[in-house]
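Taking it in order: structure first as structure tokens, then the write-up.
The values are calculated or read from the model by the stated rules, or taken from the named source; none is laboratory data. The structure presented is a predicted model; accordingly, all values stated were derived computationally and were not measured. Here the Cβ positions follow ideal geometry from the backbone for every residue, glycine too, while neighbour counts run over all protein chains shown.
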Amino acid sequence: MNDWITIAIFALITYTYIQFQILKGKQTKQALILGAFLALFDLIVENLGGILNLWTTKGSILFLGYTPIEVTITAIFSGAILYHLIPEKNKWQTTFIASLAIATLGMTMEKVLIEKQLLTYYYNWNSIYALIAYFATFVLMFKARKVIANKIKP
């Protein structure tokens, strides 16, 4: 099994366990909406990066433009998990620290993908830019979670 598939399966299993074993299916719709939003956002950013030749990925079973389908699947379930991890009422400090922690994890995962030759950076794109991009993405996800929680009822 390739690494991309392993990551996607891990995200699916983790989401399923949290959603149905711990939360007993509560707020499934809202969680999956945030996951879909993250996946769409990621798909746009990854394809834009591919078009601009900032990075390239290899080893997927199927690409959606420049994006491995396994990354899109991972984003759906990771975003859904994130919905449940973000406190309903959080202060800017929570958003800042949590987004920085998630961004650091994302940057670290990219380093592993680079070492495994599944991801390559070009044109001075580097881990610091990745950290900033992940940070901005997850600040946006915190804001999107608030909108989803207020607009979409269970």
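When the test is whether a residue is part of a helix (DSSP H, G or I), within 19 Å of Lys146 (Cα to Cα) and either modelled with pLDDT under 90 or not hydrophobic (A, V, I, L, M, F, W, C) (or both), Ala103 does not pass it.
The set of residues in the stretch 1-32 being buried (at least 19 other Cβ atoms within 10 Å of the Cβ), under 17 Å from Ile69 (Cβ atoms) and either out of contact with any helix residue (DSSP H, G or I) (no Cβ under 6 Å at 6 or more places or on another chain) or among the small types (Gly, Ala, Ser) (or both) consists of Ala8, Ala11. Against the criterion of being exposed (fewer than 13 other Cβ atoms within 10 Å of the Cβ), among the hydrophobic types (A, V, I, L, M, F, W, C) and part of a helix (DSSP H, G or I), Ile114 does not qualify.
Within the stretch 89-105, the residues that satisfy the criterion of being within 13 Å of the chain's Cα centre (by Cα) and either within 16 Å of Ala36 (Cα to Cα) or not small (Gly, Ala, Ser) (or both) are Ile102, Thr104, Leu105. When the stretch 95-128 is filtered for residues that are among the hydroxyl-bearing types (Ser, Thr, Tyr) and in contact (Cβ under 8 Å) with a residue 24 or more places away in the chain, the ones remaining, listed by number, are Thr95, Ser99, Thr104, Thr120, Tyr121, Tyr122, Tyr123. The requirement of being among the hydroxyl-bearing types (Ser, Thr, Tyr) and without any contact (Cβ under 8 Å) to a residue 24 or more places away in the chain is fulfilled nowhere in the stretch 48-61; no residue meets it.
For the stretch 33-42, taking the residues that are surrounded by fewer than 19 Cβ atoms within 10 Å (Cβ to Cβ) and touching a residue at least 40 places away in the same chain (Cβ under 8 Å), the one that is nearest to Gly79 (Cα to Cα) is identified as Ala36.
Considering only residues in the stretch 67-88 that are in a loop (DSSP other than H, G, I, E, B) and surrounded by fewer than 18 Cβ atoms within 10 Å (Cβ to Cβ), the one that is farthest from the chain's Cα centre (by Cα) turns out to be Glu88.
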